[in-house]
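The values are calculated or read from the model by the stated rules, or taken from the named source; none is laboratory data. Note that this is a predicted model, so its numbers are computed, not measured. Here the Cβ positions follow ideal geometry from the backbone for every residue, glycine too, while neighbour counts run over all protein chains shown.
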Amino acid sequence: MTAPALRLLCLAGSARSGALSVRLRDAAARVAQTLGAQTTMLDLRALQLPLYDGDLEAAHGVPDAARQLRDAIAAHDALLLVTPEYNGFPTPLVINAFDWLSRLPAGEGAPSGVIVTANKPTALLSISPGAIGGLRAMNYLRQYLQMSFGMLVVPRQHAVGHAHDVLDGQGVFKDEKAEQAVRAVVQGLLRVAGALRDPA
Ligand SMILES: Cc1cc2nc3c(=O)[nH]c(=O)nc-3n(C[C@H](O)[C@H](O)[C@H](O)COP(=O)(O)O)c2cc1C
């Protein structure tokens, strides 16, 4: 009997129209589909999480949208996250969503936010029009997700620099080497996710 497809949740750190990170996320998801994975795109902006504020949390609790994020992560075998770089850092859209997730306690039969992220196989990509492709942001994001969320961030990652020379407006790769590098990241992620889900 063949194993069911691995379920991959794909996130981008920007949601603006024409975002490079969305283009790369979608391109990487297509690669994952060719490798047999089932992909889901989650738009972090659509969650409409307010900027984290302790007073807001004290008054109203953690917004339901954080539960949506938790449940989406729980329902998938692995995560793929593509980050842009703002002044060397991952974007507030990503950090704010995960900060809220970290505040979600267990309750109503559901686990806490950080229990759901623990040991979840995750791969990172970054993208920028600049030469180093958001590498600094990606490395901070790796540390953040590993240290605070216990995520199993796979070793292989790739920073796509000179983005406009690498992906066209439809998110099709113009650069074969970059496509191969992204494929290697996705392959590594699916291998780890498969081994964890279906141990021999
Ligand atoms: C506030 C801000 C800071 C930025 N800082 C960096 C940076 O540190 N390194 C970099 O390569 N690009 C930087 N950029 C340019 C982004 O890489 C570029 O706007 C990119 O298209 C954003 O990602 P997106 O297309 O997915 O929205 C910055 C852009 C903004 C708006």
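If you check GLY171 against the conditions, is it in a loop (DSSP other than H, G, I, E, B), under 21 Å from LEU9 (Cβ atoms) and within 16 Å of the ligand (Cβ to nearest atom)? Yes, satisfied.
Modelled with pLDDT of 95 or more, surrounded by fewer than 22 Cβ atoms within 10 Å (Cβ to Cβ) and either aliphatic (A, V, I, L, M) or within 16 Å of the ligand (Cβ to nearest atom) (or both): is that true of ALA37 in this structure? Answer is no for this residue.
Conditions tested, residue by residue: (1) within 16 Å of the ligand (Cβ to nearest atom); (2) under 22 Å from ARG197 (Cα atoms).
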| position | (1), (2) |
| --- | --- |
| GLN33 | no, yes |
| ALA78 | no, yes |
| TYR86 | yes, no |
| GLY107 | no, no |
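I need the full set of residues from the stretch 41-99 which are within 14 Å of VAL22 (Cα to Cα) and free of Cβ contacts under 8 Å to residues at least 40 places away in the same chain, in order please. MET41, LEU42, ASP43, ALA46 - these are the residues of the stretch 41-99 that are within 14 Å of VAL22 (Cα to Cα) and free of Cβ contacts under 8 Å to residues at least 40 places away in the same chain.
Here is the figure for the stretch 137-165: residues that are touching a residue at least 40 places away in the same chain (Cβ under 8 Å), under 16 Å from the mean Cα position of the chain (by Cα) and within 16 Å of the ligand (Cβ to nearest atom) total 5.
Within the stretch 166-199, the residues that satisfy the criterion of being closer than 19 Å to ARG7 by Cα and without any contact (Cβ under 8 Å) to a residue 24 or more places away in the chain are ARG191, ALA195, PRO199.
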